[in-house]
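Following: one structure in structure tokens, then a few remarks.
The values are calculated or read from the model by the stated rules, or taken from the named source; none is laboratory data. Since this is a predicted model, take the numbers as computed values, not measurements. Cβ atoms come from the backbone with ideal geometry, glycine included; neighbour counts cover every protein chain shown.
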Amino acid sequence: MTITIHDLAERLGATLKGDGDKIVVGCAPIDTAGPEHITFLANVKYVKYLQTTKAGAVLIGSNVTCPEELTSLVCEDPYFAFRNAMVELHGYRKHAEPVGDHHEGISERAMVHSEATIGPGAIIHPFVTIEAGASVGSNSVLYPGVYIGRDAKVGDDCLLYPNVVIYERCILGDRVMLHGNTVIGSDGFGYATHDGAHHKIPQNGIVVIEDDVELGVGCAIERGAMDETRIGQGTKFADLISIGHGTTIGKHCLIVSLCGVSGSVQMGDYVVLGGQVGVTGHLKIGNFVQAMGHSGITSDIPDGLKVGGEPAIPYIKAKRNYIAQTELYELVKRVRKLERELKDLKSSDQS
């Protein structure tokens, strides 16, 4: 798509400063953008690039001073405006009809049980399996290799990429996006150890994924043993994340790759977990908690606290501990030197 900077500014609700007649065709990073691109500045460490960028225009906040020769679009939230510019100029991925013969978007090579329900406008690609009693909502897209178990429910406008698995009776709300190889409703890790052997506990619960959730590649959400595991509305996962059975993740949380949350955790809303965070089971994590990468959460955390470290402690203290750890070798050398000096002093006194 091509658009004048003036028209784009109007669509984004931004204040134009400079030449609005220039045409842009896409978005690009501030250090590589050309005259045909629009870029953005949301992080102050990139301010230096305002002097050298070749971009046709830049999205900036009102607190940023832009060179006069550079066209700017001043907005309240440059990063969100950039997101909207991406939608305007590039749009979302288009989903094609199934390859080969199909009827009303359902491939003849898909295995759809006669007792399953498929909503209007749904696209079912080859080699999808949908079991008895399952339902797929209107305009949902199921790519090859997707498996929908017995009595499972997939809402409207959902997008399931190749090899996603939804076990029996699990529920997906509307506009849920699951990337390749993600599994919803696998058995929880529950065993009773008796006479030296681990005996499996039947996992009879379900998983509920609320509206507008997106889960990355290779995520695993375990079903509860007796109750449900729930992922709250608007929550977003990166790749390779494991959620234990009976855990509740609140609304609009952000969880970065390689996190592991154990069973029976109650996590609040707007929680952010950095990469490789681990959470012990049966804990309560409050609303708006933030955990820095590699944190090990082993106790309850109240609302709004920023934590880090292993075990997780308040962020400022964790940061100071980390800085101290980087000096441990030098500290050891100083202690050994002092020990030698003290030994010499004692030897001198004895003589």
*Scan the stretch 284-298 and give yes if some residue there is closer than 19 Å to residue 190 by Cβ, part of a loop (DSSP other than H, G, I, E, B) and modelled with pLDDT of 95 or more, otherwise no.*
no
*Cβ-Cβ below 7 Å, separation at least six or inter-chain, first residue in the stretch 236-248 and in a loop (DSSP other than H, G, I, E, B), second buried (at least 24 other Cβ atoms within 10 Å of the Cβ) and among the hydroxyl-bearing types (Ser, Thr, Tyr): which pairs?*
245/229; 246/229; 247/229
*For the stretch 265-282, how many residues meet the condition of being part of a loop (DSSP other than H, G, I, E, B), closer than 13 Å to residue 231 by Cα and not aliphatic (A, V, I, L, M)?*
3
*Pick from the stretch 276-307 the residues that are in contact (Cβ under 8 Å) with a residue 24 or more places away in the chain and not hydrophobic (A, V, I, L, M, F, W, C): which of them is surrounded by the most Cβ atoms within 10 Å (Cβ to Cβ)?*
290
*Among (1) surrounded by fewer than 19 Cβ atoms within 10 Å (Cβ to Cβ); (2) polar (S, T, N, Q); (3) under 23 Å from residue 176 (Cα atoms), the one test that residue 247 misses*: (1)
*asked:* When you scan the stretch 200-213, do you find a residue that is assigned to a strand (DSSP E or B) and of a type in the set (S, T, N, Q), even just one?
replied: no
*Tell me which of these residue 33 doesn't satisfy, since it passes every other one: (1) surrounded by fewer than 19 Cβ atoms within 10 Å (Cβ to Cβ); (2) in contact with a strand residue (DSSP E or B) (Cβ under 7 Å, 6 or more places away or on another chain); (3) free of Cβ contacts under 8 Å to residues at least 40 places away in the same chain; (4) among the small types (Gly, Ala, Ser).*
(1)
*If you take the residues in the stretch 61-93 that are of a type in the set (S, T, N, Q) and in a loop (DSSP other than H, G, I, E, B), which one is modelled with the highest pLDDT?*
71
